[in-house]
Amino acid sequence: MNKFSFLKNSGAIIFLLIALLTTKITAKNRLIQAPQTNSITGTITHGTNPLPGVTVLIKGKQRGTSSSFNGNYEITANHSDTLVYSFIGYKTIEIPATRSRIDVQMIEDVTSLKEVEINAGYYAVKDKERTGSIAKIKAKEIEKQPVANPLAAMQARMTGVYITQETGTAGGGFNIRIRGTNSIRTEGNEPLYIVNGMPYASQSLGSTDLITGILPNSNNPLNNINPADIESIEVLKDADATAIYGSRGSNGVVLITTKKGKEGKTQFTAQAFTTIGTITRKLDLLNTSQYLAMRREAFANDDIQTIPENAYDINGTWDENRYTDWQKKLIGGTSIINNFQGTISGGNSQTQYLISGTARNETTVYPGENEYKRGVLNTSINHSSENNKFNLLFSSNYSADKNTLPGVDLTRNAYTLAPNAPELYQEDGALNWENGTFDNPLGFLNGKYQTNTNNLISNLQLSYKLLPSLELKSNFGYTDTRMVEVRTIPTTVYNPFDVITNDMATLYLNNSNRQSWIIEPQLNWNKEWQKMKVNVLMGATFQNDLSQQLVQSGSGFTSNALINNIAAASNREILNHQEIIYKYNAFFGRMYLNWDDKYILNVTGRRDGSSRFGPGNRFANFGAIGAAWIFSKENIFKNQDKILSFGKIRGSI
């Protein structure tokens, strides 16, 4: 081996030793510098109650979790990290991640709650400064509920607001009473609904001539408003809150505000869910032996020795050993709800937009293919000028639904049918009439009841600041609702062993529509002088509503195949043909005074006129005075935050 080769090999060995030593030192340094991680668990509570949905984040990092239904959470963090616990309406808490278990008790942030703005219709007011009784629920509470009607989302969430469901079928309606009943007429207790500043009629366009025997209020107009598109719902309950709406607000006012676009990058969100529903409970009914014993005892008590020929259940015509749970057969099905929604939103500091679409399908617990389908398109655009003097807000909500309801309410049959009544179907799948001794409750399946409704609600708000303290604003709204209602009763719905004539085959048609527009110019003045705040609002309302309805019936069809064509009926009749024009004009105003954020006075009034009243009584005046005293701001309470954080006395007349 020459000298050159030795030096070359020695250099390679030295280089290898240096590389190994460097790697070992680097690994050691990395081992020393690696932060210690820790799996942290705990329970988040408010008082003694677990608090679900609390956000737990690692400060300065885009990583975190949220508490479960029972308030538990788990997160992995470094010992040097800080955990941040936050929830709407509660104070944010920061705790170092130095322990393996951290239990947190959240504290309500009364100060932030007081700054929440409440929509009072023509104006907005901070929650702490309102003098009227106003209840509010927000999108976060609404979107958690798989309901089709906004009123269902309000149930049991507002004091003084009583909401009852009239029927459990898809597309069914609700009754709402705000602070009790004011009239013996059902329509006289309905509140005023305002959707994005546009009055919305809650009366159905359906005809009573078509729904005899059908579930009550089966076509509710509020189903046309998708709960997933709602940003907030406010309910004005007392005189101070409702007087600015005049006579229309005598039963309370429900303000519905739909979602708007927000500043930021374009975002797309999608949501889908499936819900399964059944009846919650069944009645404990008699079995066959108990039922037959009761029937025989009833005849004996009436001193009837011979069982009548039409008493098929106990005279031997029907099998006395047969038993059917009719509650399971007729109302024991499973309703399935499928809901799909997609939203695109975004914008810059001047223009924001939102487009959302929803498709929903519901079935019922009844036999047959009865379902409720709805599609909704909600759009919104908001634009402000560079100097923020001009603002434009446009919103539009279009919905189309198809409702195929059961022809009759089978609940009564489920409770009254004899437990030994015959099978519903024959072996070949045809309806069973048991040689004419059984009126099959599923005969209605041979008929049809269907409604198709299209509804448009659009609103345009324009505002311009004439002066820093003076703003001119105008609201333009338009609604268009159209309904086609069809009910067919072919001869096949009747017992084929009875006497049936062509006149028994009947078609009912209802074509109804309602268009309404409103214009509301307003002038708003705000001014502050040291401790005094003043707001003066003046405005006018011009509204026109046109409703049209044509209800026809036809009978005497030569064939059931022609029953959908009223021209083929030998007997035709117009049951109702009406056109109703409603005109409404009003002037309204509000004056708000606030001294030192402690003493508040709110005066509202309206003079409105309606074409629904006689010529000598078409105009009337409505007014209210509300006052509030935030006594927690008095000097005696300033240093007593731990005892009283906020206190207010208010009243109105």
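The values are calculated or read from the model by the stated rules, or taken from the named source; none is laboratory data. Note that the structure is predicted; figures quoted are calculated from it, not measured. Please note: Cβ atoms are built from the backbone with ideal geometry, for glycine as well, and neighbour counts cover all protein chains shown. What goes into the accessible areas is simple: the full protein's heavy atoms, side chains included, and nothing from ligands, DNA or RNA. Shrake-Rupley method; radii C 1.70, N 1.55, O 1.52, S 1.80 Å.
The table for this structure:
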read-out: Cβ-based net charge around residue 548, under 13 Å, with every Lys or Arg adding one and every Asp or Glu removing one; value: -1
read-out: Residue list for the stretch 319-360, given a label point 7 angstrom along the Cα-to-Cβ vector of residue 424 and an amide N cut-off under 14 Å; value: 324-335
read-out: Zone residues, the stretch 502-520, relative to residue 580, backbone N less than 17 Å from point 7 Å out along Cα-to-Cβ; value: 510-517
read-out: Where the Cα pairs of the stretch 121-163 fall when distances are cut into 10 Å bins, in %; value: 22, 45, 30, 3
read-out: Potential extension, residue 573-residue 601 segment - 0.36 nm per residue separation minus Cα distance; value: 4.1 nm
read-out: Distance between modelled label sites at residue 265 and residue 68, nm, 7 Å Cα→Cβ extension; value: 3.2
read-out: Sites residue 309 and residue 558 - FRET efficiency at Förster radius 30 Å, r taken between beta-carbons, to 0.05; value: 0.30
read-out: Dipole magnitude (debye, nearest 20) for the chain, charges at Cβ of Lys, Arg, Asp, Glu; value: 4200
read-out: Residue pairs, from the table 136/648; 128/237; 140/237; 128/633, whose Cα atoms sit over 20 Å apart; value: 140/237
read-out: By average C-beta atoms within 10 angstrom, highest first, the peptides 316-325, 468-477, 271-280; value: 468-477, 316-325, 271-280
read-out: Extension gain from residue 145 to residue 355, taking 0.36 nm per residue of separation minus the Cα-Cα distance; value: 73.5 nm
read-out: Greater than 32 Å apart at Cα, pairs in 262/598; 91/373; 59/144; 373/473; 329/448; value: 262/598; 91/373; 373/473
read-out: Along principal axes, Cα extents of the stretch 547-632, largest first, whole Å; value: 81, 38, 12
read-out: Debye-sum result for the stretch 476-528 in log10 I(q)/I(0), which assumes one identical scatterer on each alpha carbon, at q = 0.30, 0.31 Å⁻¹; value: -1.11, -1.14
read-out: Globularity index of the chain, i.e. its alpha-carbon radius of gyration over 2.2 N^0.38 Å; value: 1.33
read-out: Amide proton proximity set for residue 193, modelled H, under 5 Å, gap of 5+; value: 200, 254
read-out: Between helix 3-33 and the chain: long-axis angle, C-alpha atoms, 0 to 90°, nearest 10; value: 60
read-out: Sites residue 636 and residue 384, calculated FRET efficiency, Cβ-Cβ separation with R0 51 Å, nearest 0.05; value: 0.70
read-out: Two-site label geometry, residue 613 and residue 61: point separation in nm, points 7 Å out along Cα→Cβ; value: 6.8
read-out: Radius, Kirkwood style, for the stretch 577-618 when every pair of distinct Cα atoms is counted (Å); value: 13.5
read-out: For the stretch 443-580: Kirkwood Rh in Å [reciprocal of mean 1/r, alpha carbons]; value: 19.5
read-out: Computed E for residue 591/residue 486 - FRET, C-beta separation, R0 56 angstrom, nearest 0.05; value: 0.60
read-out: Between 0 and 90°, nearest 10: helix 288-301 axis offset from the chain longest Cα axis; value: 40
read-out: Charge-dipole axis of the chain as Lys and Arg at +1 and Asp and Glu at -1 on Cβ define it, positive-most pick from 167, 512, 132; value: 132
read-out: Most positive-pole-ward Cα, 553, 570, 523, against dipole of the stretch 498-586 from beta carbon charges; value: 523
read-out: Enclosed volume per residue, in Å³, of the convex hull spanned by Cα atoms of the stretch 302-368; value: 166
read-out: Inter-probe distance in nm under a simple model that places probes 7 Å from Cα toward Cβ, at residue 469 and residue 566; value: 6.2
read-out: Accessible surface ranking that places the most exposed of 401, 303, 284 first, with a 1.4 angstrom probe; value: 284, 303, 401
read-out: Stretch gain in nm, segment residue 39-residue 532, where the contour uses 0.36 nm per residue and the Cα spacing is subtracted; value: 172.0 nm
read-out: Amide H within-cut-off set for residue 405, under 5 Å, with H built and near neighbours excluded; value: 449, 451
read-out: For peptides 225-236, 171-182, sequence by mean Cβ density within 10 Å, most packed first; value: 225-236, 171-182
read-out: Surrounding net charge for residue 631, when Lys and Arg each add one and Asp and Glu each subtract one, Cβ distance under 9 Å; value: +2
read-out: Backbone HN-Hα couplings from phi across the stretch 489-501 [Karplus 6.51/-1.76/1.60, Hz, Gly and Pro as x]; value: 10, x, 5, 6, 7, 8, 5, x, 8, 8, 6, 10, 10
